[in-house]
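Report on the following structure.
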Amino acid sequence: MSEKVELLIENCSQALFTGTRDEGHDVSEGVTIAVADGRIVGIGNSDELAGRFKGLTEVDGTGRLLTPGFVDSHTHLVFAGDRSAEFARRCAGASYEEISAAGGGIRASVRATRAASEDELFHLAAQRAVRMLSLGTTTVEVKSGYGLDLDTELRMLRVARRLDEELPLHVLPTFMGAHEFPDEYREDRDGYVDLVCETMIPAVAQEKLALFCDVFCEESVFSPEQSKRVLECGKQAGLKPKIHADELAASGGSTVAAEVGAVSADHLMKTTEENIRALKESNVVPTLLPGTTFFLGKEQYAPARALLNAGCPVAIATDRNPGSCTIESMQFIVGLSCLRMGMTPIEAFRGATENAALALGLSDACGRLAVGLAADLILWECPDPARIVYEFENIIPRTVFVGGRAVFGMQLDRRNR
Ligand code: NIG
Ligand code: FE
């Protein structure tokens with residue numbers, strides 16, 4: 001007698017990242033997957049599994065590729081306003097740093113976000129999240145950090161919680177009150193760090209509004225000492241540390257990441273050999289954001305090959321935000337990682353799924369195709385991962401599944417039994 005399951009995808013020509021992290025495969029051929037209660041309950045060789053399961057919905061995987069859904073482990077999805085005027089100024093030659101120093105940049109988005117209601121912020125962020133879902137992102141991390149005052153930071157995190165509750169994709173919230181110094185604290189920077197540590201972090205923890213705490217460690221923003229103080233304080237309140245490190249200059253962020261035991265250090269465009277060793281030794285997941293390098297028109301991409309050669313589990317993410325990267329497509333980021341950072345298509349797919357899940361502490365929850373993990377999946381019309389990267393702006397997911405439920409894409413070949 002065959003076991004009844006909700007969804008059965010049979011005979012996928014290829015599948016990526018099947019099995020456990022230790023004993024898994026990069027690419028498997030002829031794969032069948034069974035889903036019940038939103039989880040993967042069976043996966044393996046189609047011939048061996050033949051007849052073992054009967055699906056309420058059955059899909060033919062012939063000629064198709066199955067991958068885990070994309071995990072976008074670094075975004076600033078909640079904000080109001082847009083910075084297209086700054087973009088035009090950058091196109092005419094002004095730099096991101098000059099615009100920020102003159103009061104634009106993050107602080108421009110802070111003014112617009114402070115003025116927006118929770119509903120307005122929710123509707124704006126939901127549109128972005130739905131577009132991401134349509135492009136295969138099934139888990140997304142979302143940071144606060146365009147409020148820089150208690151009320152607006154909490155409002156942004158409540159919006160992140162609502163996205164998780166009201167949309168099919170999984171949302172992991174990060175408190176990032178230390179994203180910039182607000183206008184009213186320009187002359188009292190340590191005073192702002194006090195506010196973050198003594199008022200904001202306790203309020204965020206009290207309402208259980210975030211899982212992570214992040215800080216922008218950079219020359220003109222938070223110093224390594226201030227960054228460390230914020231992350232240690234977050235840790236005490238139960239928030240796992242993350243850090244924006246070595247984005248515009250090698251400014252000590254990687255060292256702070258290693259010292260506080262951050263789950264990830266993100267950006268790393270300007271990181272050094274010494275930093276790479278420190279990240280490896282302290283098990284920090286390097287998260288590279290090539291969309292930002294591209295969107296800022298910079299030449300120097302993060303050293304993905306050196307990090308991979310050092311044995312680091314490199315993750316890649318969009319960094320979707322209003323100023324330094326508006327890209328929402330993880331598939332575009334996969335393509336860029338291959339073209340500009342010398343990653344192979346399989347390495348880039350792994351960075352966008354399995355390693356990104358690691359950067360969010362979700363290794364046992366999603367990011368691979370293994371029994372017990374969430375059935376967050378993308379079924380692609382084409383069986384070859386290299387071709388999907390090569391045509392990264394053309395081939396889109398055929399069907400996106402969250403918890404085994406088709407949430408986007410083409411009609412399934414439904415056979416009801
Ligand atoms: O990750 N680096 C800091 N924060 C964003 C930029 C945010 C903005 O410009 O609004 C980033 O690149
Ligand atoms: Fe960022």
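The values are calculated or read from the model by the stated rules, or taken from the named source; none is laboratory data. Predicted, not measured: the structure shown is a model, and the values here were computed from it. Ideal geometry is used to build each Cβ from the backbone, glycine not excepted, and the neighbour counts take in all protein chains shown. Just so you know, the surface numbers come from the protein's heavy atoms only, side chains and all, with ligands and any DNA or RNA stripped out. Shrake-Rupley method; radii C 1.70, N 1.55, O 1.52, S 1.80 Å.
Rg to Rh for region 249-342: what is it, with Cα atoms only and Rh by Kirkwood?
That ratio equals 0.95.
Counting DSSP beta bridges with both partners in region 252-409, what percentage is antiparallel, nearest 5?
Once the DSSP bridges in region 252-409 are tallied, antiparallel ones form about 60 percent.
Could you tell me what % of all Cα pairs in region 154-219 have separations over 13 Å?
66 percent
Where the centroid of each part is defined by its Cα atoms, how far is region 273-339 from region 77-128 in Å?
22 Å
With a ≥ b ≥ c taken as the square roots of the eigenvalues of the C-alpha gyration tensor of region 292-404, please select rounded if a/c is under 1.5 and otherwise prolate if a/b is larger than b/c or oblate if it is not?
In terms of gyration-tensor shape, prolate.
Between region 195-239 and region 9-66, how many Å separate their Cα centres?
42 Å
Using a simple spin-label model with points 7 Å from Cα along the Cα→Cβ vector, what separation in nm is obtained for LYS298 and ARG131?
Computed distance between label sites LYS298 and ARG131 equals 2.3 nm.
Based solely on its DSSP helices, what 222 nm [θ] is calculated for the chain when runs of n ≥ 4 H residues each add -39,500 (n - 2.57) and the sum is averaged over all residues, nearest 500 deg cm²/dmol?
-10000 deg cm²/dmol
Taking Cα pairs under 8 Å and at least six residues apart, what relative contact order does region 235-333 come out at, in percent?
Relative contact order here is 22 percent.
Using a probe radius of 1.4 Å on heavy atoms only, what accessible surface per residue do you get for the chain? Whole Å² is fine.
That works out to 39 Å² for each residue.
Would you mind checking the tilt of helix 330-341 against the longest principal axis of the Cα atoms of the chain, expressed as 0 to 90 degrees and rounded to 10?
Around 70 degrees separate the two axes.
When the chain is fully extended, how far beyond the present Cα-Cα distance does ILE346 get from ALA115, taking 0.36 nm per residue of separation?
Additional length available on full extension: 78.8 nm.
With the alpha-carbon atoms as the only input, what is the per residue convex hull volume for the chain in Å³?
Measuring per residue, one finds 130 Å³ for the Cα hull of the chain.
Probe radius 1.4 Å, ligands and nucleic acids ignored: give me the carbon and sulfur share of the accessible area of the chain as a rounded percent.
Exposed carbon and sulfur together represent 49 percent of the surface.
Which value in nm describes the separation of the simple spin-label points at TYR390 and ARG277, placed 7 Å from the Cα toward the beta carbon?
Spacing of the two 7 Å Cα→Cβ label points: 4.0 nm.
In whole Hz, what ³J(HN,Hα) sequence does region 184-196 give by Karplus (6.51, -1.76, 1.60; θ = phi - 60°), x for Gly and Pro?
With coefficients 6.51, -1.76 and 1.60, one gets 6, 10, 4, 9, 9, 5, 5, x, 5, 4, 4, 4, 4 Hz.
If I take R0 = 41 Å and measure r between the Cβ atoms of GLU187 and LEU339 in this structure, what FRET efficiency does the formula 1/(1 + (r/R0)^6) give, to the nearest 0.05?
0.40
Relative contact order for region 284-324: what percent, with Cα pairs under 8 Å and sequence separation of 6 or more?
Relative contact order here is 56 percent.
Taking the Cα-to-Cβ direction at HIS25 and at THR62 and moving 7 Å from each Cα, how far apart do the two end points lie in nm?
So the label points at HIS25 and THR62 sit 2.0 nm apart.
Please report the Cα spread of region 290-356 along all three principal axes, rounded to whole Å, starting with the longest.
32, 23, 16
Can you spot the lysines whose alpha carbon is less than 16 Å from LYS240's alpha carbon? Ignore those fewer than 8 places along the same chain.
LYS143, LYS208, LYS228
Could you pull out every Cys in the chain that lacks a partner Cys with its beta carbon under 4.7 Å away?
That list is CYS12, CYS91, CYS213, CYS217, CYS312, CYS325, CYS338, CYS366, CYS382.
Take each of the peptides 55-62, 244-251, 115-122, average the number of other beta-carbon atoms within 10 Å over its residues, and list them starting from the highest.
Sorting 55-62, 244-251, 115-122 by mean packing, highest first, produces 244-251, 55-62, 115-122.
Tell me the accessible surface of ARG39 in square angstrom (1.4 angstrom probe, heavy atoms of protein chains only), to the nearest ten.
Number for this one is 110 Å².
Checking the cross-link filter: which lysines have an alpha carbon closer than 20 Å to that of LYS4, excluding same-chain neighbours under 8 positions apart?
Candidates past the 8-residue exclusion: LYS54.
Find the relative contact order for region 1-54 and round it to a whole percent, using C-alpha pairs within less than 8 Å whose residues are 6+ positions apart.
Taking the mean separation of contacting Cα pairs over the length of region 1-54, I get 39 percent.
Computed from the mean reciprocal separation of all distinct C-alpha pairs, what Kirkwood hydrodynamic radius does region 50-192 have, in Å?
Evaluated on region 50-192, it is 17.4 Å.
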